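Each remark here refers to the structure printed beneath this line.
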Amino acid sequence: MNEAADPVLSVRGLKKHYPVTKGILRREVGRVKAVDGIDFTLYEGETLGLVGESGCGKSTAATSLLRLEEPTDGEVLYHGEVPEDTNRKTPLEKLRNLRGDDEERAPNDVVGFSQSQLKRFRRKAQMIFQNPTSSFDPRMTVGESVAEPLLIHGLDDPEERREIAEDLLDRVGLDAADYDRYPHEFSGGQKQRVALARALVVNPEFVVADEPVSALDVSIQSEILSLMRDLQDRFGLSMLFISHDMGVIREICDRVAVMYLGEIVEVAPTEELFRNPQHPYTQALLASIPTPDPRQRGLGIELTGDVPSPENPPSGCRFHTRCPKVIQPDDLDLPQEQFRCALDFRHQVEGGDVDAEGATELARAHQRDGDSGDVNRDDRRRALRAEFDLPDGLDDPTAEESVAAAVDSVLDDDLDAAAEQLSDTFTTVCERETPELERTSEDHVAACHLVDGTETVETATSEVADD
Ligand SMILES: Nc1ncnc2c1ncn2[C@@H]1O[C@H](COP(=O)(O)OP(=O)(O)OP(=O)(O)O)[C@@H](O)[C@H]1O
């Protein structure tokens, strides 16, 4: 990225929590913390990637910062123009004022914008969605769809609208004559070109593209990415590019913010991130990129299991429940995989997901054909350990004693005792303490206890001194 570039958008402590309600009175019983306090800055002319697995909160971050849905907390400072008319409030906005919700808001904070300010902001900030088919009204010609934002923003002359839309269709690699055709006549890739034309027709300052190529064939993806790069240069656009696919991110982004379970865990320039990833989550995402070279396959660390529920995120480092590099306590000396497996066993026991009956079923499943179906205690012990890849006789005697005792407690259906035995032995700082963001080089920050940075920074935006 150009270091001298000005910020277009600064996101500070953005949160979006969805209430979880119960009963006819819809009593709030919990909150889905889809986005839980993220910071980043989008600079002029750059493409910033937001990457993470499905469910990490990327789309929610996008819709919240554009106020397509109301954020729960945080600031989104827009450094273009917009302000004016802060006093013309809708009744809902007046109510928010009375509640003091936006008392302290900066005039350029999108979260405090009135409806008329939002309308002007949306002209500057366009969004492109994953599925080009559902983004179009099948009854409108693609030209009408492309021209529609011009009408919304006050361009009344139909001839002028048509001229601008035809020009845009041409620029995205379609034909001006396509103006009068209908969406069903176009392929997925062509429809995404039309979506780009529609986003660009109001001459926005930045575009939020949410998985814009994920629904397309791989062969078409590169074409659209290269078109996006080309349009970005020609229109001087900034772009927030959301994807779960590290390969796609590498092709188009200047910098990358890695998101896990509602938080940003690492930010770095793209090449630096690929060359020198600091966070084990980033390392795992990189290891999952498919490669045609069989010698390269299986290198790095594997990402297993699902993203935990954002309703009840893990304490400390949120990735600790899946992290292959989770830190052992000082008094244990286990091979890393064995420690990971023992922790997985502990979490499943604590979650009530293992019991004596389950162990019996596992042992039966392990029996060879023709066996009687009777299983003894040793069979069940072995099956339970095998289920968690816990070898007979762990390399550390304390660890072995704890696992053996916990396995016996599970077989006695005493899960409380098993959980206690395991939690006494298999603890980790990653679960107890939330890692701070550490700067590892001038423009690279990561939040992991293993990262030994040169300084601790307040927010992920500090990776480059801004505004
Ligand atoms: N309206 C909603 N109500 C409750 N929970 C929601 C709502 N929208 C999203 N979530 C939850 O918030 C979390 C983040 O979802 P989000 O769609 O932002 O993730 P994502 O990283 O964009 O994933 P994907 O690529 O699958 O869309 C998920 O657990 C999702 O189930």
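The values are calculated or read from the model by the stated rules, or taken from the named source; none is laboratory data. None of the values given here were measured: they were computed from a predicted structure. Neighbour counts are summed over all protein chains in view; Cβ atoms, including those assigned to glycine, are modelled from backbone coordinates with ideal geometry.
Residues that are away from the ligand (no atom under 12 Å from the Cβ) and of a type in the set (K, R) within the stretch 44-74 comprise just one, R67.
When residues in the stretch 124-149 are screened for being at pLDDT 85 or above and part of a helix (DSSP H, G or I), 8 of them pass. The set of residues in the stretch 312-329 that are part of a loop (DSSP other than H, G, I, E, B), at pLDDT 90 or above and not aliphatic (A, V, I, L, M) comprises P313, P314, S315, G316, C317, R322, C323, P324, K325, Q328, P329.
Table: residues versus (1) in contact (Cβ under 8 Å) with a residue 12 or more places away in the chain; (2) part of a loop (DSSP other than H, G, I, E, B); (3) within 16 Å of the ligand (Cβ to nearest atom).
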{"position": "V213", "(1), (2), (3)": "yes, yes, yes"}
{"position": "S219", "(1), (2), (3)": "no, no, no"}
{"position": "Q278", "(1), (2), (3)": "yes, yes, no"}
{"position": "L286", "(1), (2), (3)": "yes, no, no"}
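In the stretch 150-174, how many are assigned to a loop (DSSP other than H, G, I, E, B) and more than 20 Å from S222 (Cα to Cα)? The qualifying residues number 5.
Please determine, by comparing only the residues of the stretch 24-43 that are of a type outside the set (A, V, I, L, M) and over 30 Å from D233 (Cβ atoms), which one is farthest from the ligand (Cβ to nearest atom). Among those residues, the one meeting the criterion is R27. Selection of first residues in the stretch 228-248 that are farther than 21 Å from V202 by Cβ and of second residues that are part of a helix (DSSP H, G or I), restricted to Cβ pairs under 7 Å at least 6 apart or on distinct chains, gives the following pairs, ordered by first then second residue: S243/I249; M246/L285; M246/L286; V248/Q221; V248/L225.
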